[in-house]
Amino acid sequence: MENISLTLQIIVALSVYYVWIFRYHNVIAEFKQFGYSDIFRNFVGASKMSISALLITGIYFNKITLLASLSMAFFMLSAHLVHIKFKNPFKQRLPSLIFFLMSLFISAFNYGLI
């Protein structure tokens, strides 16, 4: 289970970096579709990238992993709910749902539930 959790930490963190660096044009389009400000978009991006750095750091300093994974789960659940609110197709909602579940798994493992 520890290897699964560590692997998920890396997958979640690197995926967030990929989306917010290499697919930033999609992020801009989505936030415009939702009517959110550039400042809010930048806050979300900086927060998610910082949390991703904490997830990577948590591989070596395990104590920060629980808070980082719960924080990421919050952002992913929020993203998923926004996609539902704006009636985006399931295909567009699926990534946030998957990353929410992965973040919850990391949290549950690091809290000792599994």
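The values are calculated or read from the model by the stated rules, or taken from the named source; none is laboratory data. Since we're looking at a predicted model, the values are computed, not measured. As a convention, Cβ positions derive from the backbone with ideal geometry for all residues, glycine included, and neighbour counts pool all protein chains shown. Side chains are part of the model used for accessible areas, which takes the heavy atoms of the whole protein and leaves out ligands, DNA and RNA. Shrake-Rupley method; radii C 1.70, N 1.55, O 1.52, S 1.80 Å.
Restricting attention to the range 28-47, the residues that are of a type in the set (D, E, K, R) and open to solvent by 60 Å² or more (accessible area, probe 1.4 Å) add up to 2. Among residues of the range 15-31 that are over 12 Å from Gly45 (Cβ atoms), those with a beta-carbon under 7 Å from a residue that is among the hydrophobic types (A, V, I, L, M, F, W, C) at least six positions away or on a different chain give the pairs Ser15/Phe99. Of the residues making up the range 96-114, those that are in contact (Cβ under 8 Å) with a residue 40 or more places away in the chain and outside any loop (DSSP other than H, G, I, E, B) are Phe99, Met102, Ser103, Phe105, Ile106, Ser107, Phe109, Asn110, Tyr111.
In the condition set (1) closer than 18 Å to Tyr111 by Cβ; (2) among the polar types (S, T, N, Q); (3) over 17 Å from the mean Cα position of the chain (by Cα), Ser71 is compliant with all but (3). Screening the candidates Phe90, Phe34, Phe43, Phe61 for the property of being more than 13 Å from the chain's Cα centre (by Cα), within 21 Å of Ile4 (Cβ to Cβ) and of a type in the set (Phe, Trp, Tyr) yields one hit, Phe61.
Within the range 65-95, the residues that satisfy the criterion of being in contact (Cβ under 8 Å) with a residue 24 or more places away in the chain, open to solvent by less than 50 Å² (accessible area, probe 1.4 Å) and closer than 16 Å to Glu30 by Cβ are Phe75, Met76, Val82. If you go through the range 8-27 and keep only what is open to solvent by 50 Å² or more (accessible area, probe 1.4 Å) and of a type in the set (A, V, I, L, M), you end up with Ile10, Ile11, Leu14, Val19, Ile21.
Of all residues being without any contact (Cβ under 8 Å) to a residue 40 or more places away in the chain and outside any helix (DSSP H, G or I) in the range 48-62, which is least open to solvent (accessible area, probe 1.4 Å)? Just the residue, please.
Going through the range 48-62, the residues without any contact (Cβ under 8 Å) to a residue 40 or more places away in the chain turn out to be 48-51, 54, 57, 60-61.
Okay, now just the ones that are also outside any helix (DSSP H, G or I), so 60-61.
Working: Tyr60: 180, Phe61: 137 Å².
Here the answer is Phe61.
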